[in-house]
Every structure is written in C-alpha cells, then in structure tokens.
Amino acid sequence: MIDLKKYDKITYVVIGVAMEVHKELGFGFLEQVYQKGMEAELSLRGVYFLSQNPVKVFYKQKPIAVYVPDFLVSEVVVEIKALETVDYGQIQQQIINYLVATKKEVGLFINFGKERLEYKRYVIPKKFQK
C-alpha cells in the first residue's frame, strides 16, 4: 500500500510553482511557454527536477518505446497542458500509463489553459503497485 502522505510536500511545492507561473503568465500561451516558466520557477526555488527526460517503456523486459514526461520532480511525474477543453478520462488514462511506464507511484496533472489553474493528483493503480 502506498503511503500518499510522503508525497504531500512535493506535490504541494509543484502546485505552488504552477500557481506562481499561472499568476505571472495568465492563460492562453502554448504549453511550451508554461514548460519554460515551470523550469524557471522550480530552479528559482531550488527544487531538483528533470524536464523532458526520456524514459524507456518495456514489454516483457524488452524496451519497445520511449516516453518523455514533462517533468519528474522527486518521485512525482508531472504532466502539464494548456487546454481550454479537457477530456479528464483521457488525461487520467494518460497519467496512469505514464506512472506504469516510469514505475512511479504518484503523478500530477496541471492545466494552464483556463482562467483558473487546474490540477489533480493521480496514484498508480493497485495492480501495478510494488
């Protein structure tokens, strides 16, 4: 069973970073602008992160593809979007797939595409937990 409390601090920090970026830039830019804003704000706060770092996806121990998450912050996968309309079912499946591919337990979805910042935390399904 996953101890979600151990992720509270880092998810709080990442959401705070996203709020600052959204406050500074507003909404309406392309995703790449928010990507760079997040990188700048994470760096300003001294938060270690990997941006656009390729991760191999395996099938029966054989690498079959490469997934490039927007961010890995500590042990959290962070996927950002800049969408006016969001298909939350698709986002959930995308994040879950990323968690399975990276073998990480927790992911964050952050959407800069609306007047108010949207965010949601996801947990890897039990059948994929260690």
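The values are calculated or read from the model by the stated rules, or taken from the named source; none is laboratory data. These figures come from a predicted structure and were not determined experimentally. Virtual Cβ from ideal backbone geometry, glycine too; neighbours counted across all protein chains shown. For the accessible areas, the whole protein counts, side chains as well, though only heavy atoms, and no ligand, DNA or RNA atoms are used. Shrake-Rupley method; radii C 1.70, N 1.55, O 1.52, S 1.80 Å.
Could you go through the range 92-104 in sequence order and give the Karplus-derived ³J(HN,Hα) for each residue, using 6.51 cos²θ - 1.76 cosθ + 1.60 with θ = phi - 60°, rounded to whole Hz, and x for Gly and Pro?
So the J values, rounded to whole Hz, are 4, 5, 4, 5, 4, 4, 5, 5, 4, 5, 8, 6, 8.
Quick one: angle between helix 8-25 and the longest Cα principal axis of the chain, in degrees between 0 and 90, rounded to 10, please.
On a 0 to 90 degree scale, this one is about 40.
Restrict the search to the range 58-110; then list the trypsin sites (Lys or Arg not before Pro) that DSSP places in a loop and that have at most 16 other Cβ atoms within 10 Å of their Cβ. Working shown, then result.
Numbers: sites: 60, 81, 103, 104; in loops: 60, 103, 104.
Loop-located and lightly packed - 60, 103.
Give me the accessible area of residue 31, 1.4 Å probe, in Å² rounded to the nearest 10.
60
How many Lys pairs in the range 1-111 lie less than 25 angstrom apart by Cα atoms, where the lysines are 8 or more positions apart or on different chains?
Eligible lysine pairs with Cα atoms under 25 Å apart amount to 23.
Give me the percent of the accessible area of the range 1-124 that comes from carbon and sulfur atoms, probe 1.4 Å, all protein chains in place.
Details: 4010 of 7440 Å².
Exposed carbon and sulfur together represent 54 percent of the surface.
For every other residue with a beta carbon closer than 9 angstrom to the beta carbon of residue 109, add +1 if it is Lys or Arg and -1 if Asp or Glu, then tell me the sum.
Net of charged neighbours comes to +1.
Which loop GluC sites (Glu not before Pro) in the range 53-130, with loop taken from DSSP, have no more than 15 other Cβ atoms within 10 angstrom of their Cβ?
Answer by residue number: 75, 84, 115.
What percent antiparallel are the DSSP beta bridges of the chain, to the nearest 5?
Bridges in the chain that DSSP calls antiparallel: roughly 75 percent.
Excluding ligands, DNA and RNA, what is the solvent-accessible area per residue of the chain at a probe of 1.4 Å, expressed in Å²?
63
State the answer as a single residue: which of 40, 51, 17 lies farthest towards the positive end of the charge dipole of the chain, with beta carbon charges of +1 for Lys and Arg and -1 for Asp and Glu, about the Cα centre.
The one lying farthest along the dipole's positive direction is 51.
Provide, as a two-decimal number, the C-alpha radius of gyration of the range 27-123 over 2.2 N^0.38 Å, N being how many residues it has. Before the final figure, lay out each step's value.
Details: Rg = 13.7 Å, N = 97, 2.2 N^0.38 = 12.5 Å.
Relative to the 2.2 N^0.38 Å estimate, the range 27-123 comes out at 1.10.
In a shell of Cβ-Cβ distance under 13 Å around residue 97, excluding residue 97 itself, what net charge do Lys and Arg (+1) and Asp and Glu (-1) give?
+1
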